[in-house]
Amino acid sequence: MSIIIPENVTSIPTYMLNGCYSLSELIIPENVTSIGNYAFQNCYSMGEYHIKPTTPPTLGGSGVFTNISSDCKIYVPYSADHSILAAY
């Protein structure tokens, strides 16, 4: 299952998709500035996160991405000087 969060969303609440075992891909739009703790915890089938903001969202805690697959890929915006990647 793939989810695209709508462009008008600016904050992802705590526990939003916690334990969503069938989730395999998530696209987080540019406008997201914060992600609540445990928002994506225990999403064991997650294969890819596409995080679009050029400034990394503030995380509500260290549990946001816990217990996801070790081969999960996290994509962030490209910048020629790698400054965006470094910020993440």
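In the chain, Cα pairs under 8 Å separated by at least six residues give a relative contact order of 26 percent. Gyration tensor over the Cα atoms of the chain: the corresponding equivalent ellipsoid has semi-axes (square roots of 5 times the eigenvalues, largest first) of 20, 15, 12 Å. Amide hydrogen proximity for I35: with H placed 1.01 Å from N in the peptide plane, the residues at 5 or more positions away or on another chain lying under 5 Å are I12, T58, L59, G60.
Kirkwood hydrodynamic radius computed over region 33-76 comes to 10.8 Å, based on all pairs of distinct alpha carbons. Phi angles across region 24-33 convert, under the Karplus curve 6.51 cos²θ - 1.76 cosθ + 1.60 with θ = phi - 60°, into 3J(HN,Hα) values of 10, 8, 9, 10, 9, x, 4, 6, 6, 10 Hz, Gly and Pro given as x. Phi angles across region 57-72 convert, under the Karplus curve 6.51 cos²θ - 1.76 cosθ + 1.60 with θ = phi - 60°, into 3J(HN,Hα) values of x, 6, 9, x, x, 7, x, 4, 10, 6, 6, 9, 4, 5, 9, 5 Hz, Gly and Pro given as x.
Just so you know, all these numbers are worked out from the coordinates, no wet-lab data involved. Since this is a predicted model, take the numbers as computed values, not measurements.
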